[in-house]
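A.B. asks: To start, I am sharing the structure in question, which I have written as structure tokens.
Each reported figure results from applying straightforward, stated rules to the coordinates on display, with no laboratory input. Just so you know, these numbers come straight off a predicted model, no measurement behind them. Positions of Cβ are backbone-derived with ideal geometry, glycine not excepted, and every protein chain shown enters the neighbour counts.
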């Protein structure tokens with residue numbers, strides 16, 4: 001007879017993997033940043049010129065006024081892992097992901113930031 005702890009652990013792993021697959025489908029497409037907060041304060045509108053494009057097959061592009069980045073991505077355990085070409089993997093927490101809204105929570109050098117994006 002299997003222990004209840006093992007059954008519960010198996011259920012959690014199955015639930016998270018299903019959720020990851022659903023989030024990977026939902027995130028695909030182009031997203032535009034409408035609000036970027038640093039320490040709870042919104043950046044000025046000209047600093048929020050940010051776009052993401054998450055493609056089927058695990059590739060993404062990121063654009064802002066001064067940077068164009070391409071690489072691969074994966075979603076695991078409610079976190080988005082991105083690996084820009086020739087750079088190290090980074091991660092952000094996915095606070096919310098629906099068909100039209102995406103919210104990231106992140107930390108840059110210990111400073112909390114959040115980004116609200118809408119589907120384009």
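A.B. asks: Kindly express, to the nearest 10 degrees and within the range 0 to 90, the angle between helix 4-27's C-alpha long axis and the longest C-alpha principal axis of the chain.
C.D. replies: Between the helix axis and the principal axis of the chain, the angle is about 30 degrees.
A.B. asks: Would you mind telling me which residue in 107, 66, 44 has the biggest mean-square fluctuation in a Gaussian network model of the chain, where springs connect alpha carbons within a distance under 10 angstrom?
C.D. replies: Of 107, 66, 44, the most mobile in the Gaussian network model is 66.
A.B. asks: Kindly provide the Kirkwood hydrodynamic radius of region 31-99 in Å, to one decimal, from all pairs of distinct alpha carbon atoms.
C.D. replies: By the Kirkwood definition, the hydrodynamic radius is 13.2 Å.
A.B. asks: Using a basic spin-label model with each label point 7 Å from the Cα along Cα→Cβ, how many nm lie between residue 98 and residue 79?
C.D. replies: 2.6
A.B. asks: Most mobile of 92, 50, 38 per a Gaussian network model of the chain (Cα springs, under 10 Å)?
C.D. replies: Comparing 92, 50, 38 in the GNM, the peak value goes to 38.
A.B. asks: Can you tell me the relative contact order of the chain? Whole percent, Cα pairs under 8 Å, sequence separation 6 or more.
C.D. replies: It rounds to 25 percent for the chain.
A.B. asks: What percent of all Cα-Cα pairs in region 61-109 falls into each 10 Å bin, going from 0 up to the bin containing the maximum distance?
C.D. replies: Percent of pairs per bin, in order: 23, 53, 24, 1.
A.B. asks: For residue 21 and residue 119 in the same chain, what is the full-extension length gain: residue separation times 0.36 nm, less their Cα-Cα distance, in nm?
C.D. replies: Using 0.36 nm per residue and subtracting the Cα-Cα distance, I get 33.4 nm.
A.B. asks: OK, next. So what's the convex hull volume per residue for the Cα atoms of region 4-119, in Å³?
C.D. replies: In region 4-119, the Cα hull volume divided by residue count equals 127 Å³.
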